[in-house]
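For reference, the structure discussed in these notes is given below.
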């Protein structure tokens, strides 16, 4: 699934270092939190995400049986433990 997300800056309570493409935080799907991989859609696989910048990404669930929960929300939130590190919206197929 695709999303447009923005990683929070350190001052906003986000990470202190930028993650790389392939990063695996928890994705909030309604009341469920599940692990996913976050990959940059346009760029090199080794590229780092810049904090405070918006990206189009591919989110790959580590446990695909939660995929049915994605249509229930447009909001996309990524967490490390209880800390919100990125937010945005899922991109729907036209």
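What follows draws every value from the coordinates through simple rules; no lab data is involved. Keep in mind the model is a prediction, meaning the values are calculated, not measured. Every residue, glycine among them, receives a Cβ derived from its backbone with ideal geometry; neighbour counts consider all protein chains shown.
By how many nm would the segment from residue 42 to residue 4 grow when fully extended, if each residue of separation counts as 0.36 nm and the alpha-carbon distance is taken off?
Values: separation 38, 0.36 × 38 = 13.68 nm, distance 1.20 nm.
Full extension of this stretch gives 12.5 nm more.
Which one is right for this structure if Cα extents along the principal axes in Å is calculated from it: [x] 39, 30, 28; [y] 32, 28, 22; [z] 39, 26, 25?
It is the one labelled [y].
How would you rank 39, 2, going from fewest to most other Cβ atoms within 10 Å of each one's own Cβ?
Ascending number of Cβ neighbours within 10 Å: 2, 39.
Residue 54 versus residue 73, label points 7 Å from Cα toward the beta carbon: distance in nm?
My value for the distance between the label points is 2.0 nm.
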